[in-house]
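Visitor: Handing you this structure, nothing more for now.
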Ligand code: SAM
């Protein structure tokens with residue numbers, strides 16, 4: 001998602017109390033930001049933040065961080081938070097490549113990737129958020145039993161993502177190629193903006209939930 005540059009978005013972000021401006025300073029001590037000890041879930045590439053904020057309202061016992069690369073998109077999420085403030089949500093404007101500079105080893109419990117950019121050219125494969133390069137970064141910041149949940153309507157990206165699991169040391173606990181007909185997985189499903197758009201256009205939604213392969217595997 002890349003919205004037209006919104007004049008003043010950088011300034012609005014710089015002044016927002018919902019945005020963490022110096023995220024590296026909090027590495028290993030995100031509990032201090034929320035003022036409590038709670039599970040930490042991160043969404044990477046959250047767009048306008050609909051999914052994250054709906055989830056956070058449903059789960060006040062969990063702390064959520066939304067990461068977004070572009071100011072113009074993040075601004076929309078900030079505006080939503082101003083209308084309906086949630087104490088368990090913070091945002092960071094950054095590129096996910098810097099994740100390990102911002103989160104300590106084993107600091108997070110779950111990572112969500114929703115409708116990540118496909119980067120279709122082979123030479124850009126390592127920029128894809130479910131690539132093995134990113135899985136290695138996620139492994140460093142997640143607890144050993146931490147999980148990643150990925151949804152997309154892009155079948156080529158999903159097939160690529162499944163192929164990355166074993167070489168990177170992960171295994172799938174759940175895989176579906178048509179989430180919206182899976183009653184069990186749909187029970188707790190929170191729709192993202194892209195999911196709403198693509199599923200109403202008739203596209204099946206793929207999803208996996210993955211965990212690291214343990215030493216016993
Ligand atoms: N997750 C939302 C949804 O499902 O509606 C938005 C999906 S949109 C296609 C992908 C979003 O990920 C965009 O807003 C984009 O700016 C962001 N993004 C892509 N690569 C990123 C990266 N490396 N770090 C942070 N955000 C990224």
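Visitor: Which residues, taken from the stretch 102-140, are in contact with a strand residue (DSSP E or B) (Cβ under 7 Å, 6 or more places away or on another chain) and either more than 15 Å from the ligand (Cβ to nearest atom) or in a strand (DSSP E or B) (or both)?
Guide: Matches in the stretch 102-140: 106, 107, 108, 109, 110, 111, 112, 113, 114, 139.
Visitor: Filter the stretch 18-47 down to the residues that are under 16 Å from residue 94 (Cα atoms) and more than 20 Å from the chain's Cα centre (by Cα) and list them by number.
Guide: If the condition is that a residue be under 16 Å from residue 94 (Cα atoms) and more than 20 Å from the chain's Cα centre (by Cα), then 25 is the only one that fits.
Visitor: For the stretch 36-49, give me each residue that is part of a loop (DSSP other than H, G, I, E, B), more than 16 Å from the ligand (Cβ to nearest atom) and in contact with a strand residue (DSSP E or B) (Cβ under 9 Å, 6 or more places away or on another chain).
Guide: 36, 38, 39 - these are the residues of the stretch 36-49 that are part of a loop (DSSP other than H, G, I, E, B), more than 16 Å from the ligand (Cβ to nearest atom) and in contact with a strand residue (DSSP E or B) (Cβ under 9 Å, 6 or more places away or on another chain).
Visitor: Do we have residue 10 as in a loop (DSSP other than H, G, I, E, B) and surrounded by fewer than 21 Cβ atoms within 10 Å (Cβ to Cβ) here?
Guide: For residue 10, the condition - in a loop (DSSP other than H, G, I, E, B) and surrounded by fewer than 21 Cβ atoms within 10 Å (Cβ to Cβ) - is not met.
Visitor: Taking the stretch 89-101 on its own, how many of its residues are more than 11 Å from the ligand (Cβ to nearest atom) and surrounded by fewer than 17 Cβ atoms within 10 Å (Cβ to Cβ)?
Guide: Going through the stretch 89-101 one residue at a time, the tally reaches 2.
Visitor: Take the stretch 177-216 and flag every residue that is more than 24 Å from residue 56 (Cα to Cα) and in contact with a strand residue (DSSP E or B) (Cβ under 7 Å, 6 or more places away or on another chain).
Guide: 177, 212, 213
Visitor: I'm checking my understanding of the structure. Among residues of the stretch 186-198 that are part of a helix (DSSP H, G or I) and out of contact with any helix residue (DSSP H, G or I) (no Cβ under 6 Å at 6 or more places or on another chain), which one is surrounded by the most Cβ atoms within 10 Å (Cβ to Cβ)?
Guide: 195
Visitor: Further, regarding this structure: I'm told residue 33 meets every condition in (1) assigned to a helix (DSSP H, G or I); (2) touching a residue at least 12 places away in the same chain (Cβ under 8 Å); (3) closer than 18 Å to residue 76 by Cα except one. Can you identify the failing condition by its number?
Guide: (3)
Visitor: Among the residues that make up the stretch 67-88, is at least one of them more than 10 Å from the ligand (Cβ to nearest atom), in a strand (DSSP E or B) and either modelled with pLDDT of 95 or more or closer than 17 Å to residue 193 by Cα (or both)?
Guide: No, the stretch 67-88 contains no residue that is more than 10 Å from the ligand (Cβ to nearest atom), in a strand (DSSP E or B) and either modelled with pLDDT of 95 or more or closer than 17 Å to residue 193 by Cα (or both).
Visitor: A follow-up question, please. I'd like to know if the stretch 153-174 contains one or more residues that are touching a strand residue (DSSP E or B) at 6+ places or on another chain (Cβ under 9 Å), touching a residue at least 24 places away in the same chain (Cβ under 8 Å), surrounded by 15 or more Cβ atoms within 10 Å (Cβ to Cβ) and closer than 23 Å to residue 57 by Cα.
Guide: no
Visitor: Let me ask you something else. Please determine, by comparing only the residues of the stretch 17-30 that are in a loop (DSSP other than H, G, I, E, B) and under 17 Å from residue 106 (Cα atoms), which one is nearest to the ligand (Cβ to nearest atom).
Guide: Among residues in the stretch 17-30 that are in a loop (DSSP other than H, G, I, E, B) and under 17 Å from residue 106 (Cα atoms), the one nearest to the ligand (Cβ to nearest atom) is 27.
Visitor: Here's something else I'd like to know. So residue 148 ticks every box in (1) within 15 Å of the ligand (Cβ to nearest atom); (2) assigned to a strand (DSSP E or B); (3) surrounded by fewer than 19 Cβ atoms within 10 Å (Cβ to Cβ) but one. Which box is left unticked?
Guide: Of the numbered conditions (1) within 15 Å of the ligand (Cβ to nearest atom); (2) assigned to a strand (DSSP E or B); (3) surrounded by fewer than 19 Cβ atoms within 10 Å (Cβ to Cβ), the odd one out for residue 148 is (3).
The values are calculated or read from the model by the stated rules, or taken from the named source; none is laboratory data. These numbers were taken from a predicted model, which means no experiment stands behind them. Cβ: placed from backbone, ideal geometry, glycine included. Neighbour counts: every protein chain shown.
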